[in-house]
Amino acid sequence: MNAEFEGRVVVVTGAGTGIGQATALAFARAGARVAVADVAEREGQETAARIIAEGGSARFFKVDVSRAVEVEGLVAQVAGDWGRIDVMHNNAGVTLPSTPITELSEADFDRVIAVNQKGVWLCMKYGIAQMLRQGGGAIVNTASALSFRGRAGGSAYVASKHAVVGLTKTCAVEYGGRNIRINAVCPGMIRTPMLDDRTRDPDRERRLVALHPVGRLGTAEEVADCVLWLASDRAAFVHGALVSVDGGWGAC
Ligand code: ADP
């Protein structure tokens with residue numbers, strides 16, 4: 001435990017598993033009160049319970065980030081109960097098995113865009129409104145190494161993650177003068193449940209590892225470290241930045 005986020009209120013979406021769970025745990029260990037937001041009830045409850053078992057402060061909020069009414073409700077409830085929202089980590093995301101665009105259904109495309117792109121837009125729309133009311137805050141969006149390159153079979157996911165960069169930059173320009181810092185973390189392939197579903201095949205895993213010059217996949221904790229730094233006062237002059245945590249993939 002350290003005290004860097006003592007007294008701060010932090011919202012993490014997609015905090016049930018993977019990167020979101022790691023950042024929720026890390027913020028709590030740094031003293032924050034954490035709103036664990038996820039559409040998956042069991043996983044979200046488990047993250048909150050784990051934080052509380054460690055002596056931290058957390059509450060689970062069941063939220064589908066693609067629905068405006070639910071995101072608005074999340075922000076209103078957290079700010080109403082805990083007084084403010086200092087940090088939002090907009091991280092909830094979905095992916096699809098690799099599928100050529102000619103084979104991808106409209107429904108699958110719509111779902112990925114709704115969660116990964118519109119979800120970030122909604123979280124910033126309502127989160128920034130709250131931060132303006134209270135006089136400031138910090139936002140970290142989860143973009144991706146695939147925010148900067150194409151990948152065969154990834155039309156919906158890659159498009160949605162490129163959009164997260166556009167949203168991050170645009171809101172950074174809009175709100176830089178209002179004491180709201182807005183940045184994105186851009187992970188490479190991270191070992192999470194989302195990825196493990198697709199790496200049961202060892203050949204595929206070897207191909208994914210080979211994308212990263214460091215010769216391995218990343219961990220959720222390594223991404224969480226960067227998210228906490230971006231959200232902290234140590235990053236006071238970091239704004240509109242797209243910070244890669246990708247084992248060098250972006251350098252290729
Ligand atoms: P990663 O951590 O690599 O981003 P995961 O699949 O482990 O990938 O985590 C994504 C999280 O986002 C999961 O906990 C999942 O339940 C959550 N999530 C997916 N869709 C939504 C949604 N519409 N609203 C809120 N959370 C969501």
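The values are calculated or read from the model by the stated rules, or taken from the named source; none is laboratory data. Remember, it's a predicted structure, so these values are computed and weren't measured experimentally. Every residue, glycine among them, receives a Cβ derived from its backbone with ideal geometry; neighbour counts consider all protein chains shown. SASA here: full protein model, heavy atoms, side chains in, ligands and nucleic acids out. Shrake-Rupley method; radii C 1.70, N 1.55, O 1.52, S 1.80 Å.
For region 50-72, which residues satisfy the criterion of being in a loop (DSSP other than H, G, I, E, B), open to solvent by 60 Å² or more (accessible area, probe 1.4 Å) and within 12 Å of the ligand (Cβ to nearest atom)?
Listed by number, the list holds a single entry, Arg67.
If the requirement is being closer than 16 Å to Asn90 by Cα and over 14 Å from the mean Cα position of the chain (by Cα), which of these qualifies: Val36, Val9? Exactly one of Val36, Val9 is closer than 16 Å to Asn90 by Cα and over 14 Å from the mean Cα position of the chain (by Cα), namely Val9. For residues in region 164-173 being of a type outside the set (S, T, N, Q) and more than 14 Å from the chain's Cα centre (by Cα), which is most open to solvent (accessible area, probe 1.4 Å)? By that ranking, first place goes to Val173.
Filter region 94-106 for residues that are open to solvent by less than 70 Å² (accessible area, probe 1.4 Å) and among the hydrophobic types (A, V, I, L, M, F, W, C) and give the result.
Val94, Leu96, Leu104
Do we have Gly14 as within 10 Å of the ligand (Cβ to nearest atom), more than 23 Å from Lys125 (Cα to Cα) and in contact (Cβ under 8 Å) with a residue 40 or more places away in the chain here?
no
Residues that are open to solvent by 40 Å² or more (accessible area, probe 1.4 Å) and without any contact (Cβ under 8 Å) to a residue 60 or more places away in the chain were ranked within region 73-93; the one that is nearest to the ligand (Cβ to nearest atom) is Gln77. Taking region 26-49 as the range and being open to solvent by 60 Å² or more (accessible area, probe 1.4 Å) and within 15 Å of the ligand (Cβ to nearest atom) as the test, the residues that pass are Val39, Glu41, Arg42, Gln45, Glu46. Just so you know, in region 217-237 the residues that are part of a loop (DSSP other than H, G, I, E, B) and out of contact with any Lys or Arg (no Cβ under 7 Å at 6 or more places or on another chain) include one that is surrounded by the most Cβ atoms within 10 Å (Cβ to Cβ), and it is Ser232.
Among Val214, Val243, Val209, which is part of a helix (DSSP H, G or I), open to solvent by 10 Å² or more (accessible area, probe 1.4 Å) and farther than 18 Å from Ala92 by Cβ?
Result: Val209 is the single residue among Val214, Val243, Val209 that is part of a helix (DSSP H, G or I), open to solvent by 10 Å² or more (accessible area, probe 1.4 Å) and farther than 18 Å from Ala92 by Cβ.
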